[in-house]
1. If residue 170 passes every condition in (1) in a strand (DSSP E or B); (2) more than 15 Å from residue 29 (Cβ to Cβ) but one, which one does it miss?
2. With in contact (Cβ under 8 Å) with a residue 24 or more places away in the chain and under 19 Å from residue 49 (Cα atoms) as the only criterion, which of 180, 172 stands out?
3. Please enumerate the residues belonging to region 116-130 that are surrounded by fewer than 16 Cβ atoms within 10 Å (Cβ to Cβ) and in a strand (DSSP E or B).
4. Residue by residue through region 151-167, note down the ones that are surrounded by fewer than 18 Cβ atoms within 10 Å (Cβ to Cβ) and closer than 17 Å to residue 36 by Cβ.
5. Quick one: in region 193-219, of everything that is in contact with a strand residue (DSSP E or B) (Cβ under 8 Å, 6 or more places away or on another chain) and modelled with pLDDT of 85 or more, which residue is surrounded by the fewest Cβ atoms within 10 Å (Cβ to Cβ)?
6. Could you tell me which numbered condition residue 147 fails, if it satisfies all but one of (1) buried (at least 17 other Cβ atoms within 10 Å of the Cβ); (2) outside any strand (DSSP E or B)?
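The values are calculated or read from the model by the stated rules, or taken from the named source; none is laboratory data. The shown structure was predicted, so the numbers you read here are calculated from the model rather than taken from an experiment. We place every Cβ from the backbone using ideal geometry, glycine too, and count neighbours over all the protein chains shown.
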């Protein structure tokens, strides 16, 4: 039986070069989110700082898991994403949780065909469990990636990079550190789904067309 492990992996070499199936666990994703009340105003503030955009793309993300939801129960994410390219990503939580930043171990590889990759994963026991969509524009400035995301349930900014650089960027953008969000979009949706009694699990723009949303995202998702 095929086994995908998202924990107890070994650091030291690039993931694609590790022998005997060993994986680099030094690939850490460090980020925070902020809810965005005025998308265009924040975008202008980002570009006024000199940030360079790599373009705006629509994303389709598929979360995969086995029949027992083993990955979800182990706080791991196996994701297949289609935007301007197709990527397969595995995320897991480090042993020590950080109260200031959202940190995941992240392994990612580009693949050539979305449908074929999903079929291969299905043969290995990992089926489609959830779909989530977003529009994303990514900017680069001073060691950080700034991702302006338009989700079906609101607009958000992700700041990713070294911890000190993330804090500096939040200050430059006038974003109060106390209002940061440390949850993933899937965790945020789970809160919404529970509180609003949403009858669906896929986070698509079509599913949210008739949903009335009125909340402060920075406080709602604490």
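1. All conditions are met except number (1).
2. Details: 180 fails: under 19 Å from residue 49 (Cα atoms).
On inspection, the qualifying residue turns out to be 172.
3. Kept after step one, since they are surrounded by fewer than 16 Cβ atoms within 10 Å (Cβ to Cβ), are these residues of region 116-130: 116, 119-120, 122-124, 127-128.
Within region 116-130, 127, 128 qualify.
4. none
5. That would be 213.
6. Result: residue 147 fails condition (2) only.
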